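The structure appears right after this line, and notes come after that.
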Amino acid sequence: MQSNRIPFLDLVSPHQELKEELVGVFSHALETAGFIGGPMVEDFEKSFAKFCDAQHCVGVGSGTDALRFVLMAAGVGPDDAVITVPNTFIATTEAISQCGALPRFVDVDEQTYNMDVKKLAEYLALHCSQNDANGKLVDKQTGRAIKAIVPVHLYGQMADMDVILELAEKYHLMVIEDACQAHGAEYFSRRENSWRKAGSMGLAAAFSFYPGKNLGACGEAGAVTTHDDRLAQKVRTLRDHGQAKKYYHDMEGYNGRLDSIQAGILRVKLRRLAEWNERRRECASRYAELFAAASEFMKVPFEPSWSRAVFHLYVIQVQNREQLQKHLGDAGIGTGIHYPVPLHLQNAYKNLGYRAGDFPVAETAAAHIVSLPMFPGLTRAHQESVAQQVLESVRAKNNVNSQPLADCGSLVSSARM
Ligand SMILES: *Cc1c(COP(=O)(O)O)cnc(C)c1O
C-alpha cells in the first residue's frame with residue numbers, strides 16, 4: 001500500500017536532489033555565524049527581483065508579513081477598507097485587518113476562481129461613492145475609505161490585471177498583488193502588449209515561501225517585490241523594528257526579517273524554479289487530456305489565452321466532493337481542499353456582517369472543489385492512476401457525481417449553510 005501511495009505533494013524528493021547544496025548553505029552559515037541578514041539574504045533578494053522582473057525584492061519572515069508590511073508601507077490604516085476576494089487563505093485578510101483596515105469582498109469568476117473584474121467594476125460603481133468633502137472613495141455600507149485592491153493570483157494563475165489596474169487608476173486606488181501562490185506566473189497585458197510576471201504589475205506584491213509553495217523554504221519565509229524605491233525602503237524598515245541604523249528607530253516596526261539560512265536555501269532552489277514550473281504545466285496539460293472525456297461530470301482548471309499559470313494547485317469541481325475524496329483516499333491518493341469555507345462565512349469574520357449567499361460563486365466553489373496531486377515530480381503513471389480513480393468515481397452509477405455538473409441546480413443552495 002505504502003509504495004503505491006500517490007501523495008498530494010512531495011516535499012522530500014526535491015530536497016534529496018539538492019541535499020549537498022542545501023547542507024552547504026547550512027555549513028556556510030555555521031562557519032560565518034551569518035544567521036540574520038548579510039550577503040545570502042541580499043543575493044537572494046537580487047535574484048528573486050530579477051526572476052519577477054521587479055526593481056526591488058525585500059525578504060521577510062513569511063507571506064503574511066509581506067502582505068502586512070506592504071499594506072502598512074503603502075499607508076493603509078484605520079478608517080480604510082481594502083477590496084479582496086472571499087476564496088483565499090485567511091492571511092490575505094489578516095494582513096488587511098492587522099493594519100486596522102476592513103476587508104471588503106467581491107466575488108470571483110466561475111472559470112478562473114480569481115477576482116471577477118465585472119463584479120469589481122460593479123462594486124466600485126454601485127456600492128461606493130465619492131466623499132464630497134475630501135474626494136475619497138467611500139464604501140457606502142461601512143463609511144470606510146477604499147484604499148487598495150488586493151487581487152489574489154489563486155492556484156498559480158494571475159488575476160485579470162489589466163482591468164484591475166484600469167479600475168484602480170480610474171478610482172485612484174493602489175493595487176497590491178497577493179502572489180503567494182504564483183511565483184513565475186505570467187499574464188499577457190493587452191495594454192502593454194507584452195507578457196508580465198506576477199509581482200511586477202501592481203504597486204507591489206507579496207510572496208510566500210512556505211514549504212509547499214512553488215518556491216518553498218525549509219521553514220518560514222516571504223518577500224515583497226516592487227518597482228517603488230520608497231515603498232521598498234519602508235518595508236525594509238518595517239521588517240527590522242523600524243530602524244534605519246542599529247538602535248536608531250524612526251518608527252515602531254516588527255521582527256519580520258528573512259533569515260540567512262532560508263535565503264541561502266531559496267537561492268539554491270530558485271535556480272530550479274522555472275524548470276519545476278514547466279513540469280507543473282506539463283502535468284496540468286496531461287490531466288486535461290486524461291479528463292477530456294469526462295467534462296460533463298467535472299470542471300477542470302481554465303487557463304485564459306492571456307494567462308500562463310504555474311499550477312500551484314490543480315483544482316477540479318465535482319458534484320459530490322466528499323465521495324470523490326473518500327474514493328481517492330481509499331486508493332492511496334492524497335487530495336486537499338483550497339478552501340472549504342470562504343472567508344466571509346468564517347467565524348473569525350462574523351463581525352464583517354456578510355451572509356451566506358452574498359458571494360455565490362465562491363460559495364459554490366468552496367463546496368465542490370478538490371485539489372488533486374500536483375508537484376513537479378508527479379509522473380505520467382501517477383497521473384494515469386489518479387485519473388483512473390477520479391473517472392471511476394465520477395462515473396459510478398450510484399454516485400451523485402455521475403449527475404452531469406451542468407444539471408446541478410442545487411449547487412448554489414447546497415453551498416448555503
Ligand atoms: C500561503 C499564502 C499566504 C501566506 O503565506 P505565509 O508564508 O504562510 O504567511 C497568503 N496568501 C495566500 C493566497 C497564500 O496561499
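The values are calculated or read from the model by the stated rules, or taken from the named source; none is laboratory data. Bear in mind that the values here come from a model prediction, so they are computed numbers and not experimental data. Cβ placement follows ideal geometry from the backbone for every residue including glycine, while neighbour counts extend to all protein chains displayed. Surface accessibility is based on the protein's heavy atoms, side chains included, excluding ligands, DNA and RNA. Shrake-Rupley method; radii C 1.70, N 1.55, O 1.52, S 1.80 Å.
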Inset, instruction - Would you be able to say whether some residue in the range 38-56 is open to solvent by less than 40 Å² (accessible area, probe 1.4 Å) and more than 24 Å from the chain's Cα centre (by Cα)? - result: yes
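Of the residues 248, 210, which is in the same structural domain as residue 25 (by TED's automatic domain parsing) and within 15 Å of the ligand (Cβ to nearest atom)? Quick ask: steps written out before the conclusion?
Details: 248 fails: within 15 Å of the ligand (Cβ to nearest atom).
Residue meeting the stated conditions: 210.
Take residue 159 and decide whether it is within 16 Å of the ligand (Cβ to nearest atom), in a strand (DSSP E or B) and under 20 Å from residue 86 (Cα atoms).
So residue 159 does not fit the description; no.
Going residue by residue through the range 293-300, is there one that turns out to be out of contact with any strand residue (DSSP E or B) (no Cβ under 7 Å at 6 or more places or on another chain) and either within 16 Å of the ligand (Cβ to nearest atom) or modelled with pLDDT of 95 or more (or both)?
Taking the range 293-300 and keeping what is out of contact with any strand residue (DSSP E or B) (no Cβ under 7 Å at 6 or more places or on another chain), we get 293-297.
Pick out the ones that are also either within 16 Å of the ligand (Cβ to nearest atom) or modelled with pLDDT of 95 or more (or both) and you get none.
Scanning the range 293-300 turns up no residue that is out of contact with any strand residue (DSSP E or B) (no Cβ under 7 Å at 6 or more places or on another chain) and either within 16 Å of the ligand (Cβ to nearest atom) or modelled with pLDDT of 95 or more (or both).
Could you tell me which of the residues 12, 58, 106, 85 is of a type in the set (Val, Ile, Thr) and without any contact (Cβ under 8 Å) to a residue 12 or more places away in the chain?
Values: 58 fails: without any contact (Cβ under 8 Å) to a residue 12 or more places away in the chain; 106 fails: without any contact (Cβ under 8 Å) to a residue 12 or more places away in the chain; 85 fails: without any contact (Cβ under 8 Å) to a residue 12 or more places away in the chain.
So the residue among 12, 58, 106, 85 that is of a type in the set (Val, Ile, Thr) and without any contact (Cβ under 8 Å) to a residue 12 or more places away in the chain is 12.
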Legend entry - In the range 88-101, the residues that are within 11 Å of residue 339 (Cβ to Cβ) and open to solvent by 20 Å² or more (accessible area, probe 1.4 Å): 89, 90
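Could you please let me know if residue 174 is within 16 Å of the ligand (Cβ to nearest atom) and in contact with a strand residue (DSSP E or B) (Cβ under 6 Å, 6 or more places away or on another chain)?
On the way: within 16 Å of the ligand (Cβ to nearest atom): no; in contact with a strand residue (DSSP E or B) (Cβ under 6 Å, 6 or more places away or on another chain): yes.
Answer is no for this residue.
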Inset, instruction - Mind listing whichever residues of the range 305-322 are part of a strand (DSSP E or B) and among the aromatic types (Phe, Trp, Tyr)? - result: 314
Legend entry - Qualifying positions in the range 9-27 - farther than 19 Å from residue 376 by Cβ and open to solvent by less than 90 Å² (accessible area, probe 1.4 Å): 23, 24, 25, 27
Legend entry - Failed condition for residue 191, given (1) closer than 18 Å to residue 50 by Cα; (2) open to solvent by 10 Å² or more (accessible area, probe 1.4 Å); (3) charged (D, E, K, R): (1)
Inset, instruction - Answer with yes or no whether residue 85 is open to solvent by less than 20 Å² (accessible area, probe 1.4 Å) and within 12 Å of the ligand (Cβ to nearest atom). - result: yes
Legend entry - Residues satisfying the stated conditions in the range 271-289, i.e. open to solvent by less than 50 Å² (accessible area, probe 1.4 Å) and among the aliphatic types (A, V, I, L, M): 273, 284, 288
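Confirm whether residue 244 is over 22 Å from residue 376 (Cα atoms) and surrounded by fewer than 21 Cβ atoms within 10 Å (Cβ to Cβ).
On the way: over 22 Å from residue 376 (Cα atoms): yes; surrounded by fewer than 21 Cβ atoms within 10 Å (Cβ to Cβ): yes.
It is true that residue 244 is over 22 Å from residue 376 (Cα atoms) and surrounded by fewer than 21 Cβ atoms within 10 Å (Cβ to Cβ).
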Inset, instruction - Please go through the range 131-154 and pick out each residue that is open to solvent by less than 20 Å² (accessible area, probe 1.4 Å), touching a residue at least 40 places away in the same chain (Cβ under 8 Å) and either in contact with a strand residue (DSSP E or B) (Cβ under 7 Å, 6 or more places away or on another chain) or in a loop (DSSP other than H, G, I, E, B) (or both). - result: 139, 145, 146, 148, 149, 150, 151, 152, 153
